[in-house]
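Enquirer: Got a structure for you, questions after.
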Amino acid sequence: MTLYPKLILEALAHVRYPGTGKDIVSSGMVNDDIRIDGNKVSFSLVFDKANDPFAKSLVKAAEQAILHYVGSEVEIVGNIAINYRKVVEMPVKPLPQVKKIIAVSSAKGGVGKSTVSANLAVALTQLGYKVGLLDADIFGPSIPKMFDIEEARPFAIKKEGRHLMMPIEKYGIKILSIGFFIDPDKALIWRGGMASNAIKQLVTDVDWGELDYFVVDLPPGTSDIHLTLVQQLEFDGAIVVSTPQQVALADARKGIQMFSTDKIDVPILGLVENMAWFTPAELPENRYYIFGKEGCKQLAEEMNVELLAQIPIVESICESGDAGAPIAMNKNSIVGNAFVQLADKVIKKLNTKN
Ligand code: ADP
C-alpha cells in the first residue's frame, strides 16, 4: 500500500479530543509535519498545555485509529510532550525484491489447486519471467512430487547476519514446500497460529532473491490460517480454483468472499474451473460434463469476477504431475497452452489492477 498524509489525516479525524468533543484534525491538534518514509510514518500532536491530562489517552487513541483505519503496527518512540512526536511503523513489505505475489486458493482439497499452481509457475517461466513457487498446503503438500524433488533438502546460508534458507531450483523455478519440513499427518493437529507462523517463515526467512512472480499454493479452506496469512503476505492478487460441482461452488463462493472482505481486500484475479469436462483421447470432439456444466461460469458472473480458464480432465495432467514434469512444460499441448493463456491473463490483470 502506498501511504500518503491524507490517509493518516483521515484516520486521525476519527479521534476526538475529550476536552471539547471535537476531532483532533479540525481542531488543529495534528501538526502539519506528517512525514512518510517508506513504511514509517511520523506525526506530532499539539497540546495547549505541557501536561494536558488527555495527552496520554489521546495519543493512544490516535495510535489505535491508525491501526484500525490504515492497518499498521505501531511503535512509539519518544515522550509525550506539547509537540508530541511519534513514529508509526508499518509492517515492512515482506519481500521487497518480489514484484507480484499471487495466492492460489481453493475452498476444498482435491480440486486441483496444486496442479494449477505448478502449471501456472511453469507457464510464467516459459513466458520469460523469474518465478518462485511456495507450497504452503500444510494438509497435502504435493508440489515436491509434481516437480520430482521429494528427496531434496533445502540448505541454509548466512546473509547479512541472518540465516536464510535457499529454495530448490527446478525447471528454472525457485521452489519450497512446507512438505520438506513437516509431517502432513501432524499438520492436522497444528493450531492455526503455528501453521501460519511456519508458512510465514517460508516467505520471510528464505533467500528468494529477485522474482517477477511469486506463486503461493495456499492450504485449502477459509480458516483462521488463511486470514492470518492473507493479512501478512500482502498478496497482489488471488486465484480461486474450483470444480464445476455444486458443493465445490458453494465453498468457492466463500473463498471469493474471504478475499474481498474489508479486512483483507486482496484483488480477485479470477476463477479457474478445473475438471471442467472430460474428453477421451479417442474422441477429441466430445466433452462429457462429469461435474456439471459451466458451474464456475455462472459463479463468476454472480460474483462479478473473471473466469480465467477452464481446464478439462485429462489423463496426462495427472500422469505428468505424478512424473514430476507439469504438463505446461509442453506448451504445445492443448492443456499446456491453456495454462500459458492463464498465465498471460494473470499478468495482464496484475498489471492493470495495481
Ligand atoms: P489440490 O491441490 O486441490 O488438493 P491437486 O492439484 O493435488 O489438488 O490434484 C488432485 C489430484 O487430481 C492430483 O492427482 C492431480 O494430478 C489430479 N488432477 C488435478 N487436476 C486434474 C485434471 N484437470 N485432469 C486430471 N487430473 C487432475
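Enquirer: Along the charge dipole of the chain, Cβ charges K/R +1 and D/E -1, which of 64, 51, 218 sits furthest on the positive end?
Expert: 51
Enquirer: Okay, moving on. Would you mind counting up the charge near residue 293? Only other residues with Cβ under 13 Å from its Cβ, with Lys and Arg at +1 and Asp and Glu at -1.
Expert: On the way: positive: 287, 297; negative: 273, 294.
Neighbour charge sum, excluding residue 293 itself: 0.
Enquirer: Counting DSSP beta bridges with both partners in the chain, what percentage is antiparallel, nearest 5? Please report the intermediate quantities before stating the final value.
Expert: Working: 20 of 51 bridges.
About 40 percent, rounded to the nearest 5.
Enquirer: Assigning unit charges at the beta carbon (Lys, Arg +1; Asp, Glu -1) and nothing else, what dipole magnitude in debye, to the nearest 20, does the chain show about its Cα centre?
Expert: Computed about the Cα centre, the dipole is about 780 debye.
Enquirer: Kindly provide the helix-only [θ] at 222 nm of the chain, computed as the sum of -39,500 (n - 2.57) over DSSP H runs of four or more divided by all residues, to the nearest 500 deg cm²/dmol? Each step should come with its number before you reach the end.
Expert: Details: 11 runs with 121 residues, N = 354.
Here the helix-only value at 222 nm equals -10500 deg cm²/dmol.
Enquirer: Quick check on the exposure proxy: order 344, 137, 33 from fewest to most C-beta atoms within 10 angstrom.
Expert: 33, 344, 137
Enquirer: How big is the antiparallel share of DSSP beta bridges in region 120-239, given as a percent to the nearest 5? Can you show the working numbers first?
Expert: Working: 7 of 18 bridges.
If I count the DSSP bridges inside region 120-239, around 40 percent turn out antiparallel.
Enquirer: Report the gain in length on full extension from residue 194 to residue 155: 0.36 nm times residue separation, minus Cα-Cα distance, nm rounded to one decimal. Intermediate values should be presented prior to the final figure.
Expert: Numbers: separation 39, 0.36 × 39 = 14.04 nm, distance 2.20 nm.
Result: 11.8 nm gained on full extension.
Enquirer: Please sort through the DSSP H helices of the chain and keep those with an alpha-carbon extent of at least 24 Å along the long axis and a Kyte-Doolittle average not below -1.0. Walk me through the intermediate numbers first.
Expert: On the way: long enough: 334-353 (28 Å, 0.25).
Membrane-span-like by this rule: 334-353.
Enquirer: Take the alpha-carbon positions of the chain, form their convex hull, and give its projected area averaged over all directions (one quarter of the hull surface) in nm². Present the calculation step by step, with values, prior to reporting the outcome.
Expert: Working: hull surface 82.7 nm².
Directional mean of the projected Cα hull area for the chain stands at 20.7 nm².
Enquirer: Could you give the size of the charge dipole of region 307-352 about its Cα centre, using +1 on the Cβ of each K and R and -1 on the Cβ of each D and E, expressed in debye and rounded to the nearest 20?
Expert: Taking the Cα centre of region 307-352 as origin, the dipole is about 360 debye.
Enquirer: If I model a spin label as a point 7 Å beyond the Cα along the Cα-Cβ vector, how far apart are those points for residue 253 and residue 329 in nm?
Expert: Inter-label distance under the simple model: 4.0 nm.
A short reminder: the numbers here are calculations on the coordinates, not readings from a lab. This one's a predicted model, so the numbers in the text were calculated from it and none came from an experiment. Because the Cβ atoms are built from the backbone with ideal geometry, glycine has one as well, and the counts that use them run over all protein chains shown.
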